[in-house]
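Have a look at the structure below before the remarks.
The values are calculated or read from the model by the stated rules, or taken from the named source; none is laboratory data. Everything numeric here is computed off the predicted structure, so don't read it as measured data. Don't worry about glycine lacking a Cβ; one is built from the backbone with ideal geometry, like all the others, and counts go over all protein chains shown. In case anyone asks, the SASA skips ligands and DNA or RNA and just uses the protein heavy atoms, side chains included. Shrake-Rupley method; radii C 1.70, N 1.55, O 1.52, S 1.80 Å.
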Amino acid sequence: MSIKSFLPGRLGFGTAPLGNMFRAIPDEEAAATVDAAWDNGIRYFDTAPFYGAGLSEIRLGEALAHRPREEFVLSTKVGRVILDEIEDPSARELGEKGGLFEHGRPNKIINDYSADATLRSVEDSLKRLRTDRLDIVWVHDVAQDFYGDEWLAAYETARTGAFRVLQRLRDEGVIKAWGLGVNRVEPLELTLDLEEPEPDAFLLAGRYTLLDHERALQRLLPAAKARNVDIVVGGPYSSGVLAGGQHFEYQKAPASVVTKVERIKALAGQHGVGIKAAALQFSLAHPAVAAAIPGASRPSRIAEDVAALGEKVPAAFWAALRTEGLIAQDAPVPNA
């Protein structure tokens, strides 16, 4: 099923920050941010057990508990099971993403993409989210950035475990859709090349943004479009560096990235364009993309996202980005 048929708009809310990503967020601020999303008309919420060892799911579930369930779309992820045992969050081995949720809950996280773990993960998520159903389930982070040279082994476990379980749950009507949620294009290209299973969509974080899109443009997005597999863009602001933050790929942005952002900002200023509007609208312009889900940990950020989506961006700005070599020549842009 195309998720475009049931997504309630092109802008969703990525709730990784509610898991205390980068900083400890007070419960009241987390709740106010979800409320701000709702008040601004956002009805698609994405989360994961990994975000703060269940903290994001717990906070999101609490904030949405009094909302009519039929009025919003909910996605979460499988591949990590959260235990009652305690560990040091700052000592977790997270590949390239070390220290990402060191302010989250101290519950032990185990990586497991098997069939049994997938079913357990879904059940646990339902409890934390205080709901009776999930709309979309993503297989989380089965890629190089977390597993290095071992990523294909993890992928194979997911292919024979999580993929088949989620396809069955979709075919039985338990969930509406499933796919992979990753920060790399290779696992998605690999999945599209398989005879089976048949995912409905992919959540691709950080790889279709103003700063990083050429690899996805070459093969993944055309192939996904041809297979009717929708793309949800995660991290349209590249971990925040395109929205005034200092992070890129969840770490402090290197000088080369900061320089590129400054060049984009300079052109945006010349054309009277907000950098958030440029980033968000670029990510949504490709016909394979169904939605974008920027994250936020402050209520004010939500209104900024909504305004950015509606801002008028002149064609001359996109032309200037192309001329300066800041976006790919063949990248679709809005209103083209």
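Brief remarks follow.
- Scan of the range 315-327 for residues that are in contact (Cβ under 8 Å) with a residue 40 or more places away in the chain, open to solvent by 50 Å² or more (accessible area, probe 1.4 Å) and part of a helix (DSSP H, G or I), ordered by number: Ala316
- Within the range 249-263, restricting attention to residues that are of a type in the set (Val, Ile, Thr) and within 23 Å of the chain's Cα centre (by Cα), the residue that is most open to solvent (accessible area, probe 1.4 Å) is Val258.
- Qualifying residue in the range 7-16 (condition: closer than 24 Å to Tyr147 by Cβ and free of Cβ contacts under 8 Å to residues at least 40 places away in the same chain): no
- Out of Ala288, Ala303, one residue alone is surrounded by fewer than 20 Cβ atoms within 10 Å (Cβ to Cβ) and either closer than 22 Å to Ile25 by Cβ or within 21 Å of the chain's Cα centre (by Cα) (or both). It is Ala303.
- Search result, residues across the range 109-146 that are of a type in the set (Lys, Arg) and part of a helix (DSSP H, G or I): Arg120, Lys127, Arg128
- Exclusive hit being within 22 Å of Ile231 (Cβ to Cβ), open to solvent by less than 50 Å² (accessible area, probe 1.4 Å) and touching a residue at least 12 places away in the same chain (Cβ under 8 Å), set Ala36, Ala30, Ala48, Ala53: Ala48
- Helices (runs of 4 or more DSSP H) wholly inside the range 201-299 that include at least 3 residues being within 16 Å of Arg184 (Cα to Cα): 221-226
Let's see how each residue does on (1) touching an Asp or Glu at 6+ places or on another chain (Cβ under 7 Å); (2) touching a residue at least 60 places away in the same chain (Cβ under 8 Å); (3) aromatic (Phe, Trp, Tyr):
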| position | (1), (2), (3) |
| --- | --- |
| His247 | no, yes, no |
| Phe282 | no, yes, yes |
| Val313 | no, no, no |
| Gln329 | no, no, no |
| Asn335 | no, no, no |
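- Subset of the range 160-176 [open to solvent by less than 80 Å² (accessible area, probe 1.4 Å), of a type outside the set (S, T, N, Q) and assigned to a helix (DSSP H, G or I)]: Ala162, Phe163, Val165, Leu166, Leu169, Arg170
- On the stretch given as the range 63-105, residues that are within 18 Å of the chain's Cα centre (by Cα), part of a strand (DSSP E or B) and either more than 30 Å from Pro8 (Cβ to Cβ) or among the hydrophobic types (A, V, I, L, M, F, W, C) (or both) total 3.
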